[in-house]
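Every read-out reported here was derived from the displayed coordinates using simple, explicitly stated rules and does not represent laboratory data. In this text the structure is predicted, and so the values were computed from the model without any measurement. Cβ sites come from the backbone with ideal geometry, for glycine too, and all protein chains shown count toward neighbours.
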Amino acid sequence: MMVGVIPTRLFLVVVGLTLSMGSWLAAEPLDDACIWAYFRASYHEDYVCTECPANALKFLGRVQADHKDLSQFKVIFFKDKVVPRQYRTPKTAQGWEWHVVVLANNRIFDMDYSVFRGKSEPSAIPVSTYVSYNFGPATDGVFPGGEKIADVRVRVVDAQFFADRWNAPVTSDGPLKQTKKVDSDYMMYSDLGNNAQDYTLEEFLKLHPAPLSATHGH
């Protein structure tokens, strides 16, 4: 009788170890080159102009399909203290009242950045470089377009929360208790608890100093 029991127990141990190893491997952080490979594929196959939240969601979806874990990613909302305003890419007519990008390993992944620069390949941009390009260098706390650095707000949203909740139904707090889908307004202005942190742009930049290495990508 014991002959049949021992292999069964060994089998269960092996299965348990395999599952544990699988979870450990899934949690291993991705390096810049690997993240950029996912981003490049999404850039060429998923990009839709003026749909920055959807672009971020599709990029994260590609990562999650293989890697499962989104803990090293954040979704960044750039917005003004008072809306609407425009974030303009220098020398173009393009701009946003708000904008959504993905942050990982101190780099911004923004499909629009490369499109508006006329590049055929995407780039992963250090935070300080990205802000300088989109707003221009600040002088005495003011950007060239008159935008005060103190007026720009940054909301950092947990990427897993963003991926799980985007377009999900949510009931408003008002007396009518209306049901709507989670959208950019909800993500930017609702109380998301521990799933989001709010900063001034200046505070955000201090958290993400310029790296020693330059842009990854082509």
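Extension gain for Glu121 to Tyr186 (0.36 nm times residue separation, less C-alpha to C-alpha distance): 20.2 nm.
Each residue in His208, His67 was given a count of other beta-carbon atoms within 10 angstrom of its own, and listing them fewest first yields His208, His67. Listed from fewest to most Cβ neighbours within 10 Å, the set Cys34, Cys52 follows the order Cys34, Cys52.
Subtracting the Cα-Cα distance of Gln178 and Lys148 from 0.36 nm times their residue separation leaves 7.2 nm of extension gain. Our estimate of slack between Thr50 and Gln197, defined as 0.36 nm per intervening residue step minus the Cα-Cα distance, is 50.5 nm. Checked against a 30 Å cut-off, the cross-linked pairs Lys68/Lys181; Lys58/Lys79; Lys74/Lys181; Lys119/Lys180 give Cα-Cα distances beyond that limit for Lys119/Lys180. Ordered by the count of other Cβ atoms within 10 Å of each Cβ, fewest first, Phe77, Phe135 give Phe135, Phe77.
Considering only the Cα atoms of the stretch 149-211, their convex hull presents on average a projected area of 5.6 nm².
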